[in-house]
Amino acid sequence: MALRNIVAAATLLALGIAYGYLATQLPERSQSNLPGPAFFPYLIAVLLLALSLGLLVQGVRGYRRLPLDLGLPERASAILALLLFAAYLVALPRLGFLIASIPFAGGMMWLYGGRNPLFLVAGAAGLPLFLLLLFREVFGILLPHGSWSVLGG
Amino acid sequence: MNPDILHGLAQASLPTSLLSTAIGALLGLIVGMIPGMTISSGIIIVLPLTFVLDPSISIALLLGLYVGGMMGGSFSAILLNIPGTPSASATLVDGHPMALRGEAGKALGVSITAGFAGGMFSFLCLYLIAPSLADIALRFRAPDLFSLVFFGLTVICGFAARSLVKGLLSAAIGLLIVTVGQDPMMGTARFTFGNADMLGGIHFLTAMIGLFAVPQLVDNLRPALGNRGPAQKQARFGSLLPRPAELKRMLRPVSIGSLTGAFLGILPGVGGPIAAFIAYDYTRRTSNNPDDYGKGVLEGVAAPESANNAVTGGALIPMMTLGIPGDPVTAILIGALLVHGLAPGPLLFMERADFAYTVIFSFFWANIFNLIIALAGLRLLVKLLALPKAALMPAIAIFCVIGSYALRNSFFDVQVMFAFGLLGLAMRWVGMPVVPLLLALVLGAQLEEHLRVALTASQGDISVFFTSPFSLLFLCLSAVSIIWPFVSARRRRLAQSGQP
């Protein structure tokens, strides 16, 4: 955890510095003693920098030479799921809700252990169709309508 | 009787509101019960509907879900030894041993009745305390409101994190995100990088969906949790309703649990798990047979269940009267109300008292329906414990997209949701809690506005925060909540070093 604290603290320090710099570009009020749009961001930048330094000190004090454990990408399926999700978000505005959701639902079902082909096909097609009809027809909620899709959302 | 109370009761008792409450309670029991699903998951599922439904129906649905979710968590804790929600963690200590002894029905019955008692007690607290507290809060001026919101944030950071620094950092990131978009007082664009979508700022509901749902989707990929929902143990329940002698035994733990839960629920950030463990521990320590606890005694189920259900009504008190959410669910309730132009806070009781009482009575009905559905449908509900994750999780993922898109019909919000999901995973990687970030997103705009209004009115004189008694009180409480984790950690270290 100490190494992770150092990584997090360094990232947040960089964020705090960049944020503080951007805050200096914001306009000030004509009366200098009154808080303008930059006032609150300044306070946050100071808070973020101070706390990041605190975390850095905690990390350095507790640092031991341990193998770098990245933790999160411990499973390929987690990365695959996130990539699939990202691809779905890219496809959604182009293909529309129905067309984009079918391969996404199928892929996610497979990642969560669905192996029966009938279950996969029925679920991948049925789930988006059911949700489309439910939200669009029953509740009147618009779902993404794809720019390339003839079937739409 | 106050006409607003009657109007609120009538509105909450309309057939559509009652149906919505019942559906919410049923859904809440299901999502609370299934390990890997949370109350937040349930809310993500119904969130798109709340944008199009009438506010009173939306709030009835969400309250039903909140109350049902709290109770549903105990079912899997008792039957499977896996708490459906973190609040049910204390319930399994005695609940599961009872199930193993063949007393699953009795344990579930005690859990349901104790949860109902806790919920109804917290309804009474909400009904009696909220209007009076709102009256007091109406006297607050900008410095008091700033200090109050600041206090709320510090308490959340202290309770929600093992490390106060990480809790505060999480809140600081939330505050940073709040400043993206138009400045609330002058309308100046801040940190938008010329992107028109960012002018409206980051909507905290999309952030919430990403922060909670995406890490949950990743969690459920772990093989330890299995690819199917945990198999249901085919326990024979027998009668669920406790007998008079058992009800008598439940009286003391339920009283302790209800009082503890309702009181701790009022404090922002404390939440169900802490209340449940404190109630359990106090009941055990004051019992004549403390050694029996952990082996399957009904008092050990009644105390935490009444406590975590009492937390729900307690958490609604600061949400409705001060606009301060006590936990993620009440934060989402605030968001759902804001979408309809209703801002929780003291003014709600002044300007829309009828609606405030609608919320209070919807909470009452949520507890009633929760009891009825849990008792009548328990045997059927527990069969859902065997639902395959391959069907559940893709549906949750698609609901995330629908929920974030439907908020403003914007793909930008969908991308923001996913980005917050990645942020949630990164924060978990470094052991940083997400709850302070979420609550900072809810409270940040208020914090900035009250601070700037107070300083503008006082011509930049910061003594205004120390001369108002309310403000001074909240600042002192903030200092205590910041210092307290250090003091208690030092005491723990000293106690440990004193042990042989």
Fill in: Whichever residue in the range B:181-215 is within 27 Å of B:Ile398 (Cβ to Cβ) and among the β-branched types (Val, Ile, Thr) and, among such residues, is most open to solvent (accessible area, probe 1.4 Å)
B:Ile202
Worksheet item: How many residues are in a helix (DSSP H, G or I) and within 7 Å of chain A (Cβ to nearest Cβ) when one looks only at the range B:402-414?
Response: 5
Response to the item:
When the range B:98-148 is checked residue by residue, the ones that are surrounded by fewer than 20 Cβ atoms within 10 Å (Cβ to Cβ) and over 27 Å from B:Phe361 (Cβ atoms) are B:Leu100, B:Arg101, B:Gly102, B:Arg141
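Does B:Val382 meet the test of being open to solvent by less than 10 Å² (accessible area, probe 1.4 Å) and modelled with pLDDT under 90? Spell out the reasoning first.
Details: open to solvent by less than 10 Å² (accessible area, probe 1.4 Å): yes; modelled with pLDDT under 90: yes.
The answer is yes for B:Val382.
Mind listing just one residue for me: the one in the range B:274-319 that is among the β-branched types (Val, Ile, Thr), open to solvent by 10 Å² or more (accessible area, probe 1.4 Å) and in a helix (DSSP H, G or I) and, of those, modelled with the lowest pLDDT?
If we filter the range B:274-319 for residues that are among the β-branched types (Val, Ile, Thr), which is where we start, we get B:274, B:278, B:283, B:286, B:297, B:301, B:311-312, B:317.
So of that shortlist, the ones also open to solvent by 10 Å² or more (accessible area, probe 1.4 Å) come out as B:274, B:278, B:286, B:297.
Adding the requirement that they be in a helix (DSSP H, G or I) leaves B:274, B:278.
Details: B:Ile274: 77, B:Ile278: 84.
Restricting to residues being among the β-branched types (Val, Ile, Thr), open to solvent by 10 Å² or more (accessible area, probe 1.4 Å) and in a helix (DSSP H, G or I), the top hit is B:Ile274.
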Worksheet, complete the sentence: So, first residue facing chain B (nearest Cβ under 9 Å) and surrounded by 13 or more Cβ atoms within 10 Å (Cβ to Cβ) in the range A:115-132, second residue outside any helix (DSSP H, G or I) and not acidic (Asp, Glu), Cβ within less than 6 Å, six or more apart or across chains; the pairs are A:Leu120/A:Gly114
Discussion item. From the list A:Leu53, A:Leu48, A:Leu43, exactly one residue is modelled with pLDDT of 90 or more, farther than 30 Å from A:Trp110 by Cβ and surrounded by 20 or more Cβ atoms within 10 Å (Cβ to Cβ). Which is it?
Written reply: A:Leu48
Item to complete: Considering (1) surrounded by fewer than 21 Cβ atoms within 10 Å (Cβ to Cβ); (2) at pLDDT 85 or above, say which one B:Ser239 fails and leave the rest.
Response: (2)
Practice prompt. Only residues that are under 23 Å from B:Arg139 (Cα atoms) and out of contact with any Leu (no Cβ under 8 Å at 6 or more places or on another chain): list them for the range B:350-375, please.
Written response: B:Glu351, B:Ala353, B:Asp354
Item to complete: Would you be able to say whether some residue in the range B:161-169 is away from every other protein chain (no Cβ under 11 Å), in contact (Cβ under 8 Å) with a residue 24 or more places away in the chain and farther than 18 Å from A:Tyr42 by Cβ?
Response: yes
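Could you tell me which residue of the range B:325-345 is nearest to B:Pro83 (Cα to Cα), considering only residues that are assigned to a helix (DSSP H, G or I) and open to solvent by 20 Å² or more (accessible area, probe 1.4 Å)? Before the answer, list the steps.
Looking only at the range B:325-345, we keep the residues that are assigned to a helix (DSSP H, G or I), and these are B:328-339.
Next, from what is left, pick out any that are open to solvent by 20 Å² or more (accessible area, probe 1.4 Å): B:328, B:338-339.
Numbers: B:Pro328: 18, B:Leu338: 32, B:Val339: 32 Å.
Residue satisfying both the conditions and the ranking: B:Pro328.
Kindly establish whether B:Gly460 is on the phi > 0 side of the Ramachandran plot and open to solvent by less than 40 Å² (accessible area, probe 1.4 Å). Reasoning before the result, please.
Details: on the phi > 0 side of the Ramachandran plot: yes; open to solvent by less than 40 Å² (accessible area, probe 1.4 Å): yes.
Yes, satisfied.
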Practice prompt. Would you confirm whether any residue within the range A:134-153 is within 20 Å of the chain's Cα centre (by Cα) and closer than 20 Å to B:Ile45 by Cβ?
Written response: yes
Worksheet, complete the sentence: Reported set for the range B:162-177 where residues are open to solvent by 30 Å² or more (accessible area, probe 1.4 Å) and at pLDDT 85 or above is B:Leu168
Discussion item. Return the residues of the range B:77-97 that are in a loop (DSSP other than H, G, I, E, B) and crowded, with 23+ Cβ neighbours inside 10 Å; say none if nothing qualifies.
Written reply: B:Pro83, B:Gly84, B:Thr85, B:Ala90
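Output the number of residues of the range B:149-158 satisfying the condition of being surrounded by fewer than 22 Cβ atoms within 10 Å (Cβ to Cβ) and either of a type in the set (Gly, Ala, Ser) or not in a helix (DSSP H, G or I) (or both). Outline the logic, then answer.
Step one: of the range B:149-158, the residues surrounded by fewer than 22 Cβ atoms within 10 Å (Cβ to Cβ) are B:150.
If we keep only those that are either of a type in the set (Gly, Ala, Ser) or not in a helix (DSSP H, G or I) (or both) as well, we get none.
Here the count works out to 0.
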Practice prompt. Quick one: which residue in B:Met393, B:Met432 is over 21 Å from the mean Cα position of the chain (by Cα) and either open to solvent by less than 20 Å² (accessible area, probe 1.4 Å) or of a type in the set (S, T, N, Q) (or both)?
Written response: B:Met393
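How many residues are closer than 30 Å to B:Pro318 by Cβ and either free of Cβ contacts under 8 Å to residues at least 12 places away in the same chain or more than 9 Å from chain A (Cβ to nearest Cβ) (or both) if we restrict to the range B:427-448? Break it down into steps so the answer makes sense when it comes.
Step one: filter the range B:427-448 for residues closer than 30 Å to B:Pro318 by Cβ, giving B:427-428, B:430-448.
Applying the additional criterion that residues be either free of Cβ contacts under 8 Å to residues at least 12 places away in the same chain or more than 9 Å from chain A (Cβ to nearest Cβ) (or both) yields B:433-443, B:445-446.
Of the residues in the range B:427-448, 13 are closer than 30 Å to B:Pro318 by Cβ and either free of Cβ contacts under 8 Å to residues at least 12 places away in the same chain or more than 9 Å from chain A (Cβ to nearest Cβ) (or both).
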Worksheet, complete the sentence: Listed by first then second residue, the pairs whose first member lies in the range B:359-385 and is closer than 30 Å to B:Gly323 by Cα and touching a residue at least 12 places away in the same chain (Cβ under 8 Å), whose partner is open to solvent by 20 Å² or more (accessible area, probe 1.4 Å) and among the hydroxyl-bearing types (Ser, Thr, Tyr), with beta carbons under 6 Å and at least 6 positions apart or on separate chains, are B:Ile360/B:Tyr127
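Looking at A:Gly36, A:Gly59, which is the one that is over 25 Å from the mean Cα position of the chain (by Cα), more than 9 Å from every other protein chain (Cβ to nearest Cβ) and open to solvent by less than 20 Å² (accessible area, probe 1.4 Å)?
Numbers: A:Gly36 fails: more than 9 Å from every other protein chain (Cβ to nearest Cβ).
The match here is A:Gly59.
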Practice prompt. State whether the residues of the range B:474-489 include one that is part of a loop (DSSP other than H, G, I, E, B), modelled with pLDDT under 90 and open to solvent by less than 40 Å² (accessible area, probe 1.4 Å).
Written response: no
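The values are calculated or read from the model by the stated rules, or taken from the named source; none is laboratory data. Predicted model, so just to flag it, every value in this text is computed and none were measured. Backbone-built Cβ (ideal geometry, glycine too); neighbour counts: all protein chains shown. Remember, those area values only see protein heavy atoms, side chains included, never the ligands or the DNA or RNA. Shrake-Rupley method; radii C 1.70, N 1.55, O 1.52, S 1.80 Å.
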